[in-house]
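Take a look at the structure set out below.
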Amino acid sequence: MTTSDWPLWEVFVRSRRGLSHTHAGSLHAPDAQMALRNARDLYTRRSEGVSIWVVPSTEITASSPDEKDPFFEPSADKPYRHPTFYEVPEGVKNL
Amino acid sequence: MTAVTADTQEAYQAAFDAAVAADERIEPRDWMPEAYRATLVRQIAQHAHSEIIGMQPEANWITRAPSLRRKAILMAKVQDEAGHGLYLYSAAETLGTGRDELLDKLHTGRQKYSSIFNYPTLTWADVGAIGWLVDGAAITNQVPLCRCSYGPYARAMVRICKEESFHQRQGYESLLALSRGTPEQHAMAQDAVNRWWWPSLMMFGPPDDESSHSEQSMAWKIKRHSNDELRQRFVDICVPQAEALGLSLPDPDLRWNEERGHYDFGPIDWTEFWDVLKGNGPCNEQRITQRRRAHEDGAWVREAAAAYAAKHGEATA
């Protein structure tokens, strides 16, 4: 197995307690433990994280290549899902 | 797969052009013109190679750093350069070109790295001069790349720029200590600045009227400013910094131009630039030989990691 056969891992870092893990980047490693160690050295050299996830890139299912895909269309025509859609009489508070 | 008709091709191109015009980012799975992809791979690869070749001139001084403090700082900096290389190889990979292929091109001389690393680090002061001038020039070049139209490259640059500012400051501090030290130390700092100044100005690339890729890269918003514009910005930044260091810059023509609101500076020796680029710099051969050797000497580590993973059956992805 050469390095080109090493799986690609997506790295997610939780920057501090209370926040969710965020995608930081990717790296190659032969196994999950090495991926974690490499991710620590690569993405948290300056205390950028308190927790790391590594996920094989091939395990990620993505919505579609094109972000303008009709996949997201159903939400575009429903402005009534947003509070700003509604008119509130002047002077009404705490709404 | 349905065949891509001319109409859809045009629609893709229009969507791409509109995204670039609106200052949106292009992401890996978006359609993009092949020439855009090729330009990015070439630029990101050259950039990645520069980061890892750039480890050599500085690593040269780790064992001889004058104090434990300076040694720890220098090791952290060289480690950062390796990290920067990896961020960039990852960004290139999102365009479909893997690290192995790019390293192979570097090792066989088919892709280049920044010419600046073909100059030797003769004294300890060179480490300071590299931090101040070479990393300073790199930052001037790279800050606008944080807004590059290609998302993964822009994101890698945000990380890199944050870390580069430590590199520049540690260099400046180190040079300041030498400049305020003994007469010999001061002379050593001045000598290093004298040798690194002009090659640093060359880092911005050929003058605008001779730069072959500039115009298209600006249109694609890969590049945001021209070579000459960035070079001028760098000179303007450095002059007062040199004064504060108590060191001079080796250019008799350097003076403030009230009318332009910038410093004028003397002509750059582009013959030297092209010569070093063609492989005739003081260290070209040494840098590539050492890179190849490091790669070959590290083969057993990669093999051991792979064997371990295979034995434990984890490399299933």
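Is it the case that B:LEU175 is touching a residue at least 60 places away in the same chain (Cβ under 8 Å) and not in a helix (DSSP H, G or I)? So B:LEU175 fails the test.
Taking segment B:221-236 as the range and being touching a Ser or Thr at 6+ places or on another chain (Cβ under 7 Å) and in a helix (DSSP H, G or I) as the test, the residues that pass are B:ASN227, B:LEU230, B:ARG233, B:PHE234. Where residues in segment B:20-52 are within 13 Å of another protein chain (Cβ to nearest Cβ) and surrounded by fewer than 19 Cβ atoms within 10 Å (Cβ to Cβ), which of them is nearest to B:ILE222 (Cα to Cα)? Only one residue tops the list, namely B:ARG25.
Looking only at segment B:81-98, filter to residues that are facing chain A (nearest Cβ under 10 Å) and polar (S, T, N, Q); which one of those is nearest to B:SER50 (Cα to Cα)? Taking the candidates together, the pick is B:SER90.
Looking only at segment B:203-220, how many residues end up being in contact (Cβ under 8 Å) with a residue 40 or more places away in the chain and crowded, with 18+ Cβ neighbours inside 10 Å? Total satisfying the criteria: 4. Selection of segment B:150-204 for residues being among the aliphatic types (A, V, I, L, M) and farther than 21 Å from B:GLY85 by Cβ yields B:LEU175, B:LEU176, B:ALA177, B:LEU178, B:ALA187, B:MET188, B:ALA189, B:ALA192, B:VAL193, B:LEU201, B:MET202.
Only one of B:SER165, B:SER200, B:SER248 is under 26 Å from B:PRO120 (Cα atoms), in contact (Cβ under 8 Å) with a residue 12 or more places away in the chain and assigned to a loop (DSSP other than H, G, I, E, B); which?
On the way: B:SER165 fails: assigned to a loop (DSSP other than H, G, I, E, B); B:SER200 fails: assigned to a loop (DSSP other than H, G, I, E, B).
One residue alone meets the criteria, B:SER248.
Reported count of residues in segment B:1-57, each being more than 30 Å from B:ILE73 (Cβ to Cβ) and part of a helix (DSSP H, G or I), is 25. Screening B:ALA72 on (1) in contact (Cβ under 8 Å) with a residue 60 or more places away in the chain; (2) loosely packed, with under 15 Cβ neighbours inside 10 Å; (3) part of a helix (DSSP H, G or I) shows it passes everything except condition (1). The set of residues from segment A:1-28 being facing chain B (nearest Cβ under 8 Å) and among the small types (Gly, Ala, Ser) comprises A:SER4, A:GLY25, A:SER26.
Any read-out appearing in this document is the output of simple, stated calculations on the displayed coordinates, not a laboratory observation. Please read all numbers here as calculations on a predicted model, not as lab measurements. Because the Cβ atoms are built from the backbone with ideal geometry, glycine has one as well, and the counts that use them run over all protein chains shown.
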